[in-house]
Amino acid sequence: MDNIINGLSIVATPIGNLEDITYRAVKVLEECDIIICENPKHSLKLLNKLGIKKKLIALHDYNEHKIIDQIKDLLKNKNCVLISDAGSPLISDPGYNLVQYCIANNIRVTSVPGPSSIISSLQLSGLSISEFAFFGFVPKSKKKMEDLCKNISQKKRTCVLFVSSHKLIDFLDCLENIMAKRSVSICKELTKVNEFVFRGTPTNVKNKILEDKENIKGEFVAVIDRQTSKNQDFDNIDLYSKELKKMATKFSLTDVVEIVHKFTKINKNKIYKWLLKLKK
């Protein structure tokens, strides 16, 4: 049983299905004095369903420091709760500075765990999840997206990202160019009525999604398999031509082959042929 005291409770809320909220989360929300949330209108949908009426304070990326200054006395003397629009707060959501302030000022901070789209997507992916890395939202610019995909392609752990619907196909195109052999999982509308998981290579998944324009609507989480000796994805040498050309001006072909092989474990003969192709 929780001993409700003053400070900040970080409470996870449902990511889609409102019935996923925990008993403990409901209890903490019922007994708190103030709820700090991203969007009060959005949070009211859950709170109204639970029959909970509390003072709501909006906190987002643009006002976080201002709000902290306004509520610093409340944090010391009241029982405050931090929630996000969905899932576990602080994961690609505001609240970091608030928690840092509480820690720095010896204000109690506790976590009330619950639904997480990251964990749910990993569980549904069918991929190895003994080790994983989270990369937040896929960048808007194609250059940053490409750089991110190159980075992920070399990771020896499963990678998770949030993808907005209007960037989904661009992202799959990028994966297709850089990691054509890699297994991916695209989780749509987790825990909701229209939940669905697309699994396969980037090309397979993209083709399945494009079969129906309704497939592109909703919220998505991408899970990308770790790099292994069986799924090396250096197929498109053009993506790495600039880097390899720079190396070739500083080192001999033999040295470049050795360096690339050391970090990628790609067959040396294959690397050598790529370098000869770039020199033409």
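On a C-alpha basis, how far is the centre of the stretch 113-176 from the centre of the stretch 1-75 in Å? Whole number, if you could?
Each part reduced to its Cα centre gives a spacing of 28 Å.
So what is the relative contact order of the stretch 118-224, in percent, for Cα pairs below 8 Å that sit 6 or more residues apart?
Once divided by the residue count of the stretch 118-224, the mean separation gives 32 percent.
Net charge within 9 Å of residue 157 by Cβ-Cβ distance, Lys/Arg positive one each and Asp/Glu negative one each, not counting residue 157 itself?
Local charge sum for residue 157: +2.
Please give the direction-averaged projected area of the C-alpha convex hull for the stretch 31-171, in square nanometres with one decimal.
10.9 nm²
For residue 155, enumerate residues with amide H under 5 Å from its amide H, sequence gap 5+ or separate chain, H modeled in the peptide plane.
227
For the chain, what is the relative contact order in percent, using Cα pairs closer than 8 Å and at least 6 residues apart in sequence?
Reported as a whole number, the value is 17 percent.
Where in the stretch 41-77 is the amide nitrogen less than 12 Å from a point lying 7 Å along the Cα-to-Cβ axis of residue 108?
The answer is 76-77, whose backbone nitrogens lie closer than 12 Å to the label point.
Counting other Cβ atoms within 10 Å, which chymotrypsin sites (Phe, Trp or Tyr not before Pro) in the stretch 1-107 have at most 13 and lie in a DSSP loop? Spell out each step's value before the answer.
Details: sites: 23, 62, 96, 101; in loops: 62.
Counting only loop positions with at most 13 other Cβ atoms within 10 Å, the chymotrypsin sites (Phe, Trp or Tyr not before Pro) in the stretch 1-107 are 62.
What does the helix-only formula give at 222 nm for the chain: each DSSP H stretch with n ≥ 4 adding -39500 (n - 2.57), the total divided by the residues, and the result rounded to the nearest 500 deg cm²/dmol?
Mean residue ellipticity, 222 nm, calculated: -12500 deg cm²/dmol.
Sequence-distant or interchain residues sharing an amide H contact under 5 Å with residue 82, placed H: which?
Those qualifying (amide H under 5 Å, at least 5 residues apart or on another chain) are 9, 10, 11, 36.
Run the quick spin-label model on residue 156 and residue 192: label points 7 Å from Cα toward the beta carbon, then report their separation in nm to one decimal.
Between residue 156 and residue 192, the simple spin-label model gives 3.8 nm.
What is the gain in length, in nm to one decimal, between residue 269 and residue 24 on full extension, counting 0.36 nm per residue of separation less the C-alpha to C-alpha distance?
So the extension gain works out to 82.3 nm.
From the phi angles alone, apply the Karplus equation (6.51, -1.76, 1.60; θ = phi - 60°) to the stretch 125-137 and give each ³J(HN,Hα) in whole Hz, x where the residue is Gly or Pro.
For the stretch 125-137, the Karplus-derived couplings read 5, x, 9, 5, 10, 5, 9, 8, 10, 10, 10, x, 7 Hz, x marking Gly and Pro.
Scan (1) 0.98; (2) 1.07; (3) 1.24 for the value of Cα Rg over 2.2 N^0.38 Å calculated from this model and give just the label.
Step by step, Cα Rg over 2.2 N^0.38 Å for this structure corresponds to label (3).
Where a number appears in this text, it was derived from the coordinates with a stated rule and is not lab data. This structure is a prediction, so every number in the text was calculated from the model and none was measured. Cβ atoms come from the backbone with ideal geometry, glycine included; neighbour counts cover every protein chain shown.
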